[in-house]
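Heads up: the structure comes next, in structure tokens.
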Amino acid sequence: MRGVPQWGHVFSSLPDCLKQVSQKTNSRGCGGGGGGGGTYEFASGDPEQGIEVLSDERLSVPFLKLVYSYSPDFAIYDPAITDDVIARIEDANVFLANQGLISQKVDLNRFIDKSYYEAVLSDR
């Protein structure tokens, strides 16, 4: 469709957009590190400015608000593996199995390992 950004462009541009956020906010990039903050921390702390920084001539502010409307606080980029995150994954697991899109549910206990994340947090 003419004049409407395509989804592929949004997702292929995301790494460059995140670099821009990192540069414009003087943070240390996605995930930050060293206490300098990061893209998630910046965007979740000020979602309006996060959208503004991500926008350019191809990705307008209204379009990005629509894209991120399912998570306007950018919580989907929070690296924490919480019980809520696991519950959402399990909901998707059940949905996919019920719809016949996967032959059987995935054993999430085999695939979700919080030990590395928890070790990193304990080192801080």
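Laboratory data are not the source of any read-out in this text; all were calculated from the coordinates shown. What you see is a predicted model; the values in this text were computed from it and never measured. Here Cβ is always computed from backbone atoms with ideal geometry, including for glycine, and neighbour counts include all displayed protein chains.
Show me 79-92, 107-120 ranked by packing, highest mean number of other Cβ atoms within 10 Å first.
79-92, 107-120
Considering the options Asn98, Leu121, Leu108, tell which one lies farthest towards the positive end of the dipole of the stretch 83-123, charges being +1 on Lys and Arg and -1 on Asp and Glu at the Cβ, about the Cα centre.
It is Asn98, whose Cα lies furthest towards the positive end.
Neighbour counts of other C-beta atoms within 10 Å: give me Leu96, Leu59, Leu101 arranged from fewest to most.
Leu101, Leu96, Leu59
For the stretch 52-124, what does the equivalent ellipsoid look like in terms of its semi-axes, each the square root of 5 times an eigenvalue of the Cα gyration tensor, given largest first in whole Å?
Working: eigenvalues 170, 99, 16 Å².
One finds semi-axes of 29, 22, 9 Å for the stretch 52-124.
Among residues other than Tyr40 whose Cβ falls under 11 Å from its Cβ, what is the net charge (Lys/Arg +1, Asp/Glu -1)?
Values: positive: none; negative: Glu41, Asp73, Asp78.
That works out to -3.
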